[in-house]
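Okay, structure first, notes after.
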Amino acid sequence: MKFADLHLHTQFSDGTFTPEDLVVRAQNAGLACVALTDHDSVEGCERAAAACAKVRMEFIAGAELTAEHDDTEVHVLGYFLDTKNAVLLERIGKFQAVRQNRIREMCAALNQLGVPLQAESVFALANCKSPGRPHVARALVREKLIGNLDEAFEKYLKKGRPAWVPKTKMSALEGVELIHQAGGLAVMAHPGLNRTDDIIPDLVDAGLDGIECFHTKHSTVMAERYLEMAEKYHLLVTGGSDCHGFSKKQPLIGTVKLPYEHVERLKAKHVERLNR
């Protein structure tokens, strides 16, 4: 039986693996198909696709967009994206700029607290266009300004802590539309983690294609609930480990193995949309 992991991150957002490292680990985990879903970025897709081709592994180009609906944060996964789509790249570019400015604001807040971390140090460590809080935490540890990553979040970076800065987000409905115009399928990521059950009907009305039922932080009960919702709203089922490499203590790739039949349904829906 073949399996897939459709939620993976690399150094092009807040993961620690290169695309090539990720593919090697996917192969070692016995996966037949992977999707790269970096935050607000498709930069790593070309390299991941090339690495997959070398080992005859199926690859799906994707991204994870940070959005909101009714003041609730929503993460929308895009699959089968045209990574050269001009509108997609233009919109992603704007949100990458927002991410970079957020890093500057967090560093300024840290400086006000007497923590001498400079934004340029974070950007140098991140070495990507979509930096995030994990990069700030890693920079704090690297410069010996904090003991470990957990302490960095608990003391400074979690919501409500003194260096936390809110995100500026696109609307979830806009995210679904953006993914569709780039030729992709739109899937709600980890609804159990974001507690977004109540807004699923609104996104279904906006054209949501699927829901991530299987996720590292979804219990068996949660997964069953989302499978029922997928059936109720005629949504595709996806799943993935949400692996960020070593930035979250241990690599998760392969801990969630989606049966390949769900990949086949995704592919069929994608072909159907392209032929409309």
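Readers should treat all values here as calculations from the given coordinates under stated rules, not as data from a laboratory. From a predicted model like this one, the values you see are computed outputs, not experimental measurements. As a convention, Cβ positions derive from the backbone with ideal geometry for all residues, glycine included, and neighbour counts pool all protein chains shown.
Find, among the chymotrypsin sites (Phe, Trp or Tyr not before Pro) in segment 171-276, those assigned to loop by DSSP (not H, G, I, E, B) with at most 16 other beta-carbon atoms within 10 angstrom. Please list the in-between numbers first.
On the way: sites: Phe214, Tyr226, Tyr233, Phe246, Tyr260; in loops: Phe246.
Here the chymotrypsin sites (Phe, Trp or Tyr not before Pro) that fit, given the DSSP loop and packing criteria, are Phe246.
If neighbour count is taken as other Cβ atoms inside 10 Å, put Thr83, Thr255, Thr16 in order from fewest to most.
On the way: Thr83 21, Thr255 14, Thr16 18.
Result, fewest neighbours first: Thr255, Thr16, Thr83.
Taking a 30 Å limit on the Cα-Cα distance, which of the listed pairs Lys2/Lys94; Lys155/Lys217; Lys84/Lys159; Lys232/Lys267; Lys94/Lys257; Lys2/Lys169 fall beyond it?
Numbers: Lys2/Lys94 38 Å; Lys155/Lys217 23 Å; Lys84/Lys159 34 Å; Lys232/Lys267 21 Å; Lys94/Lys257 33 Å; Lys2/Lys169 36 Å.
Result: Lys2/Lys94; Lys84/Lys159; Lys94/Lys257; Lys2/Lys169 exceed 30 Å.
Please give the length that would be gained between Arg56 and Ala86 if that part of the chain were fully extended, namely 0.36 nm times their separation in residues minus their C-alpha to C-alpha distance (nm, one decimal). Intermediate results must be reported in sequence, preceding the final value.
On the way: separation 30, 0.36 × 30 = 10.80 nm, distance 2.90 nm.
In short, 7.9 nm is gained.
How much mean residue ellipticity at 222 nm does the chain get from its helices, if each DSSP H run of length 4 or more adds -39500 (n - 2.57) and you divide by all residues, to the nearest 500 deg cm²/dmol?
Working: 11 runs with 118 residues, N = 276.
Here the helix-only value at 222 nm equals -13000 deg cm²/dmol.
Just add up the charged neighbours of Glu264: K/R +1, D/E -1, any other residue whose Cβ is under 12 Å from the Cβ of Glu264. Present the calculation step by step, with values, prior to reporting the outcome.
On the way: positive: Lys2, Arg265, Lys267, Lys269; negative: Glu58, Glu261.
For residues surrounding Glu264, the net value is +2.
Report the local net charge at Leu274: Lys and Arg +1, Asp and Glu -1, summed over other residues whose C-beta lies under 12 Å from its C-beta. The partial results should precede the final answer.
Numbers: positive: Lys267, Lys269, Arg273, Arg276; negative: Asp82, Glu272.
Result for the neighbourhood of Leu274: +2.
How far is helix 45-54 tilted, in degrees, relative to the longest principal axis of the Cα atoms in the chain, given as a value from 0 to 90 rounded to the nearest 10?
Between helix and principal axis, roughly 60 degrees.
In degrees between 0 and 90, to the nearest 10, how far off the longest principal axis of the chain does helix 220-233 point, with axes built from Cα atoms?
50
Provide the percentage of antiparallel DSSP beta bridges, counting only those with both residues in the chain; round to the nearest 5. Mind showing how you got there, number by number?
Values: 14 of 32 bridges.
Taking every DSSP beta bridge within the chain, about 45 percent pair in antiparallel fashion.
Glu120 versus Thr220, label points 7 Å from Cα toward the beta carbon: distance in nm?
Here the modelled spin labels are 5.5 nm apart.
Find how much the distance from Asp205 to Met1 grows on full extension, using 0.36 nm per residue of separation minus their present alpha carbon separation; answer in nm with one decimal. It would help to have the intermediate numbers written out before the result.
On the way: separation 204, 0.36 × 204 = 73.44 nm, distance 3.43 nm.
Between Asp205 and Met1, full extension yields an extra 70.0 nm.
Based on the Cβ-Cβ distance from Glu272 to Phe246, what FRET efficiency comes out when R0 is 35 Å, to the nearest 0.05? Show your work: numbers first, answer last.
Working: r = 39 Å, r/R0 = 1.11.
Once the sixth-power term is evaluated, E becomes 0.35.
Roughly what angle does helix 172-181 make with the longest principal axis of the chain, taking Cα atoms, 0 to 90 degrees, to the nearest 10?
Helix 172-181 sits at roughly 60 degrees to that axis.
Go through segment 61-72 residue by residue and turn each phi into a ³J(HN,Hα) via Karplus (6.51, -1.76, 1.60, θ = phi - 60°); whole Hz please, and just put x for glycine and proline.
Calculated HN-Hα couplings, in order: 7, x, 7, 10, 9, 8, 9, 8, 8, 6, 6, 10 Hz.
Taking the Cβ of Glu212 as the centre, find all other residues whose Cβ is under 12 Å away and add up their charges (Lys, Arg: +1; Asp, Glu: -1). Could the numbers behind the result be given before it?
Working: positive: Lys217; negative: Asp5, Glu64, Asp209, Asp242.
Around Glu212, the surrounding residues sum to -3.
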